[in-house]
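Structure first, then comments.
The values are calculated or read from the model by the stated rules, or taken from the named source; none is laboratory data. Bear in mind that the values here come from a model prediction, so they are computed numbers and not experimental data. Note that each Cβ is placed from the backbone with ideal geometry, even for glycine, and that neighbours are counted across all protein chains shown.
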Amino acid sequence: MSSTTHPTAAGATSASSASSALTHTNQRVLITAAASGIGLATAQGFLAAGAKVFICDVNAEQLARTLQEQPLMAGMVCDVSDEAQVAGLFEVALQTLGGLDILVNNAGIAGPTALIEDISLQDWRQCLAVNLDAAFLCARQAARILRKQGSGSIVNMASTAGLYGFPRRAPYASAKWAIRGLTKTLAQELGPAGVRVNCICPGSVAGERIDRVIAAEAKKTGQSEDEVRTFLAQSASLKTFILAQDIADMIVFVTSEKGARISGQDLIVDGNTETL
Ligand SMILES: NC(=O)c1ccc[n+]([C@@H]2O[C@H](COP(=O)([O-])OP(=O)(O)OC[C@H]3O[C@@H](n4cnc5c(N)ncnc54)[C@H](O)[C@@H]3O)[C@@H](O)[C@H]2O)c1
């Protein structure tokens, strides 16, 4: 496992302390799978709010590019579905950040697009490993620190697939449904210690990931990609995809002082899904 740390991560606080909108000054934030997509938008949101940010990603090349473009972030390569790598991640992240206040369990993969009778056990397990095992492994590490500290916040990434189910995406929907159970239970276990745990349920988020999901669904069902895209957008009352920034804003809000009494919740950012 290679690692890249950046000495100026701590500088994020002083660099932006002129802003009156800082909600996370000196807060130490670890975000998984944040070299791109929603995780990266969230990392940028925390930096803008005055936090120190450590990210990880399994994609070494993408991570290196991101750290080069984001000199205030620190990070390392880590497959968060691997127990030993997660232990290594927490060691380096804690050392770099000087502790931990917020964990964002963002990692997740789409998994196979197929009816259940055509899904292999290997694909099922891989999907659950990245979407669910990773959240367990990271939350377990964080709980040991945050419970002792008597403060902090964990945010897990679920999905509207974990609220409504999703035909041809059984492993993904099952994992995201389980994330909500993990969230509720950890909120109960850690609440008395002053630690909050919430999960986010995004609808379809504009970006490369949903493009891949749409392509796979079109191929499987014989529809055009435009038809699948239109169906997904039309399934929400607001008739539009969500932006990664919308998710980042919700995470920054719920982990701030303004969210101090919010725990154990599914925070749904989806334009109000009517059907899936
Ligand atoms: N994009 C959407 O429409 C959408 C909707 C609902 C929920 N979500 C959830 O939001 C989260 C982020 O989604 P996204 O669209 O940004 O994802 P993405 O597919 O764009 O991937 C983001 C990053 O995750 C990294 N990654 C993948 N497997 C990893 C692993 N094992 N360890 C570490 N890093 C890993 C990738 O390298 C990538 O840089 C996921 O949990 C996803 O399920 C996404």
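For the range 224-241, check the following and say yes or no: at least one residue is in contact with a Ser or Thr (Cβ under 9 Å, 6 or more places away or on another chain), away from the ligand (no atom under 16 Å from the Cβ) and in contact (Cβ under 8 Å) with a residue 12 or more places away in the chain.
yes
How many residues are away from the ligand (no atom under 13 Å from the Cβ) and touching a strand residue (DSSP E or B) at 6+ places or on another chain (Cβ under 9 Å) when one looks only at the range 22-45?
Of the residues in the range 22-45, the ones away from the ligand (no atom under 13 Å from the Cβ) are 22-29, 45.
Next, from what is left, pick out any that are touching a strand residue (DSSP E or B) at 6+ places or on another chain (Cβ under 9 Å): 24, 26-29.
Total meeting the criteria: 5.
Val205: within 12 Å of the ligand (Cβ to nearest atom), within 15 Å of Ala161 (Cβ to Cβ) and at pLDDT below 95, yes or no?
Details: within 12 Å of the ligand (Cβ to nearest atom): yes; within 15 Å of Ala161 (Cβ to Cβ): yes; at pLDDT below 95: no.
Considered against the rule, which asks whether it is within 12 Å of the ligand (Cβ to nearest atom), within 15 Å of Ala161 (Cβ to Cβ) and at pLDDT below 95, Val205 comes out as no.
List pairs: first residue in the range 183-195 and without any contact (Cβ under 8 Å) to a residue 12 or more places away in the chain, second residue part of a loop (DSSP other than H, G, I, E, B) and among the small types (Gly, Ala, Ser) anywhere in the structure, Cβ distance under 9 angstrom, at least six positions apart or on different chains.
Listed by first residue and then by second, the contacts come to Thr185/Gly264.
Please return the ranges of helices (runs of 4 or more DSSP H) entirely within the range 78-184 where 3 or more residues are surrounded by 22 or more Cβ atoms within 10 Å (Cβ to Cβ). Talk me through it step by step, then tell me what you get.
Numbers: elements: 83-97, 121-128, 134-149, 161-164.
By residue number, 83-97, 134-149.
Is one or more of the residues making up the range 124-145 among the small types (Gly, Ala, Ser) and closer than 22 Å to Asp246 by Cα?
Of all residues in the range 124-145, those among the small types (Gly, Ala, Ser) come to 129, 134-135, 139, 142-143.
Add one more test, that the residue is closer than 22 Å to Asp246 by Cα, and what stays is 135.
Yes: one or more hits.
Give the number of residues within the range 57-77 that are more than 19 Å from Asn131 (Cα to Cα) and in a loop (DSSP other than H, G, I, E, B).
Kept after step one, since they are more than 19 Å from Asn131 (Cα to Cα), are these residues of the range 57-77: 60-76.
Keeping just the survivors that are in a loop (DSSP other than H, G, I, E, B) gives 70-73.
Count: 4.
Within the group Ala173, Ala158, which residue is under 19 Å from Thr273 (Cβ atoms), under 18 Å from the mean Cα position of the chain (by Cα) and without any contact (Cβ under 8 Å) to a residue 24 or more places away in the chain? Spell out how you get there, then give the answer.
Working: Ala158 fails: without any contact (Cβ under 8 Å) to a residue 24 or more places away in the chain.
Only one candidate qualifies: Ala173.
Do we have any residue at all in the range 239-250 that's buried (at least 17 other Cβ atoms within 10 Å of the Cβ) and out of contact with any strand residue (DSSP E or B) (no Cβ under 7 Å at 6 or more places or on another chain)?
Residues of the range 239-250 that are buried (at least 17 other Cβ atoms within 10 Å of the Cβ), as a first pass: 241-242, 244, 246-248, 250.
Narrowing the set further to residues that are out of contact with any strand residue (DSSP E or B) (no Cβ under 7 Å at 6 or more places or on another chain) leaves 248.
Yes, some residue in the range 239-250 is buried (at least 17 other Cβ atoms within 10 Å of the Cβ) and out of contact with any strand residue (DSSP E or B) (no Cβ under 7 Å at 6 or more places or on another chain).
Taking the range 88-111, which residues are away from the ligand (no atom under 11 Å from the Cβ) and more than 24 Å from Thr255 (Cβ to Cβ)? Can you show your working first?
Applying the first criterion (away from the ligand (no atom under 11 Å from the Cβ)) to the range 88-111 yields 88, 90-103.
Selection gives Gly88 alone.
Could you figure out which of (1) within 12 Å of the chain's Cα centre (by Cα); (2) within 10 Å of the ligand (Cβ to nearest atom) isn't true of Asn59?
So Asn59 meets the others, but not (1).
Can you tell me which residue is surrounded by the most Cβ atoms within 10 Å (Cβ to Cβ) among those in the range 251-274 that are in contact with a helix residue (DSSP H, G or I) (Cβ under 7 Å, 6 or more places away or on another chain) and over 15 Å from Val197 (Cα atoms)?
Filtering the range 251-274 for residues that are in contact with a helix residue (DSSP H, G or I) (Cβ under 7 Å, 6 or more places away or on another chain) and over 15 Å from Val197 (Cα atoms), the one surrounded by the most Cβ atoms within 10 Å (Cβ to Cβ) comes out as Thr273.
Tell me which residues, restricted to the range 125-153, are within 12 Å of the ligand (Cβ to nearest atom) and more than 16 Å from the chain's Cα centre (by Cα).
Residue satisfying the conditions is Gln126 alone.
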